[in-house]
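*Asks:* Starting off with a structure, shown below.
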Amino acid sequence: MSANPEEDKLTPAALVRTEAAALEALAARLEGPMRRAFEVAVELIVRCGEGNGRVVVTGMGKSGIIAQKIAATLSSTGSPALFLHPAEAVHGDLGVLMPGDVVIALSASGETEEILRLLATLKRKGDALVSFCCRLDSTLAAASDVVLDCSVDREACGLNLAPTSSTTAMLALGDALAIAVSLRKGFRAEDFAELHPGGKLGKQLARVRDLMHTGSDVPAVALATPMTDVIYEMSSKKLGITTVQEEGRLRGVISDGDLRRLLEREGGAALSRPAADAMNPNPRTISADEFAATALAILEERKITSLVVVNAAGKVEGLVHLHDLWGVEMI
């Protein structure tokens with residue numbers, strides 16, 4: 001601690017704690033006086049989506065940057081949203097606003113000139129106006145259908161001027177709103193996967209059907225197939241396993257380990273055996289609609305390298321191998 005108490009208030013840790021205190025105060029308001037207003041905002045956005053409307057998020061300066069992130073979070077969690085720059089809006093971009101849209105306007109002061117110039121049009125064209133404000137007696141707050149209080153005791157800045165605590169509160173409030181709406185809509189992991197096909201998220205949420213071997217790439221033999229042909233099928237497909245099928249239905253699998261144990265037990269006589277004598281009749285299987293991460297968990301738990309993919313009728317649809325998961329950096 002320094003000799004100057006004022007300097008202690010400006011340490012990096014103290015500034016972060018200032019922002020953390022603003023978030024704690026926001027959480028308390030969400031559980032108390034602002035709870036009903038927040039629920040109304042959620043209802044407006046849910047209703048907007050049911051009518052094929054969108055959420056249009058606007059803000060100027062630092063608030064505008066937060067607004068862009070909120071729009072992106074809403075879109076990625078199942079609520080179509082876009083960012084409208086208030087300065088560009090008065091030069092033609094207001095054309096993106098359609099009847100049925102809900103507008104979320106961010107302004108700490110509630111007196112941002114560029115947003116106030118849009119108020120009449122926003123009220124006329126949009127379905128509802130929700131504002132994030134630090135001043136509930138502001139012009140923007142008074143004009144809003146719902147106002148959510150983002151006020152903070154102080155900014156995390158020595159001059160108490162730079163938007164820091166207030167923008168952090170706006171960001172957290174936007175995240176809370178987006179997630180609350182997604183929960184109301186019943187947004188599922190499957191829906192999230194569809195909206196995030198690329199990058200690490202896309203890989204983690206990939207489906208088994210996206211990675212499995214299909215058709216002639218799946219090693220397959222019949223119950224009566226001689227062991228010499230079984231070995232050839234396994235060697236040619238290079239997956240260390242073959243399915244044993246009867247009219248397309250899975251009857252069992254034969255792995256490299258199964259073959260090795262048969263040869264150790266019977267020696268050369270094993271080569272005259274049919275596939276039915278060497279197969280595991282109760283292999284672990286998986287559905288094509290399961291997540292690839294689920295397949296990986298099963299492979300690791302069972303200490304095996306392949307899973308046969310079957311449908312509800314027990315017919316073979318494909319085969320997923322541990323190497324397929326390595327290829328997309330699942331592990």
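*Asks:* Cβ-Cβ distance below 7 Å, separation of 6 or more or different chains: which pairs start in segment 73-100 with a residue that is closer than 15 Å to R117 by Cα and open to solvent by 50 Å² or more (accessible area, probe 1.4 Å) and end on one that is at pLDDT 90 or above and not in a helix (DSSP H, G or I)?
*Replies:* V90/R117; V90/L118; D93/L84; D93/H85
*Asks:* Just the residues that are acidic (D, E), modelled with pLDDT of 95 or more and within 21 Å of L183 (Cα to Cα), please, taken from segment 64-114.
*Replies:* none
*Asks:* In segment 88-127, how many residues are assigned to a loop (DSSP other than H, G, I, E, B) and either at negative phi or within 32 Å of the chain's Cα centre (by Cα) (or both)?
*Replies:* Qualifying residue count for the region: 15.
*Asks:* Whether any residue in segment 211-219 is open to solvent by less than 80 Å² (accessible area, probe 1.4 Å), touching a Ser or Thr at 6+ places or on another chain (Cβ under 8 Å) and at pLDDT 95 or above is what I want to check. Please lay out each step first, then the result.
*Replies:* Initial filter on segment 211-219 (open to solvent by less than 80 Å² (accessible area, probe 1.4 Å)): 211-215, 218-219.
Then keep just the ones that are touching a Ser or Thr at 6+ places or on another chain (Cβ under 8 Å); that gives 218-219.
Within this subset, residues satisfying the condition of being at pLDDT 95 or above are 218-219.
Yes - at least one qualifying residue is present in segment 211-219.
*Asks:* To continue, here is another question. Out of the residues in segment 22-35 that are closer than 14 Å to V152 by Cα and open to solvent by 60 Å² or more (accessible area, probe 1.4 Å), state the one that is farthest from the chain's Cα centre (by Cα).
*Replies:* E24
*Asks:* I'd like the full set of residues that are modelled with pLDDT of 95 or more and open to solvent by 30 Å² or more (accessible area, probe 1.4 Å), limited to segment 39-57.
*Replies:* E39, V40, E43, listed by residue number.
*Asks:* Something else about it: Exactly one of (1) among the acidic types (D, E); (2) open to solvent by less than 50 Å² (accessible area, probe 1.4 Å); (3) modelled with pLDDT under 95 is unmet by D149. Its number?
*Replies:* Unmet for D149, out of (1) among the acidic types (D, E); (2) open to solvent by less than 50 Å² (accessible area, probe 1.4 Å); (3) modelled with pLDDT under 95: (3).
*Asks:* Given the options A297, A312, name the one that is in a loop (DSSP other than H, G, I, E, B), out of contact with any strand residue (DSSP E or B) (no Cβ under 7 Å at 6 or more places or on another chain) and without any contact (Cβ under 8 Å) to a residue 40 or more places away in the chain.
*Replies:* Exactly one residue qualifies, and that residue is A312.
*Asks:* I'm trying to understand the selection: among the residues of segment 156-177, which are assigned to a helix (DSSP H, G or I) and over 12 Å from T18 (Cα atoms)? Give the derivation first.
*Replies:* To start, the set of residues in segment 156-177 that are assigned to a helix (DSSP H, G or I) comprises 165-177.
Matches in segment 156-177: T167, M170, L171, A172, L173, G174, D175, A176, L177.
*Asks:* Moving to a separate point now. Looking only at segment 286-310, count how many residues are surrounded by fewer than 15 Cβ atoms within 10 Å (Cβ to Cβ) and under 16 Å from G248 (Cα atoms).
*Replies:* Adding up the residues that qualify gives 0.
*Asks:* State all residues of segment 238-275 that are out of contact with any helix residue (DSSP H, G or I) (no Cβ under 9 Å at 6 or more places or on another chain), open to solvent by less than 40 Å² (accessible area, probe 1.4 Å) and without any contact (Cβ under 8 Å) to a residue 60 or more places away in the chain; if no residue qualifies, say none.
*Replies:* The answer is V253, G257, D258, G267.
*Asks:* Please give the number of the condition G257 fails out of (1) part of a helix (DSSP H, G or I); (2) more than 21 Å from E233 (Cβ to Cβ); (3) not β-branched (V, I, T).
*Replies:* (2)
The values are calculated or read from the model by the stated rules, or taken from the named source; none is laboratory data. Fair warning: this is a prediction, and the values are worked out from it, not measured in the lab. Note that each Cβ is placed from the backbone with ideal geometry, even for glycine, and that neighbours are counted across all protein chains shown. With ligands, DNA and RNA removed, areas are computed over all heavy atoms of the protein, side chains included. Shrake-Rupley method; radii C 1.70, N 1.55, O 1.52, S 1.80 Å.
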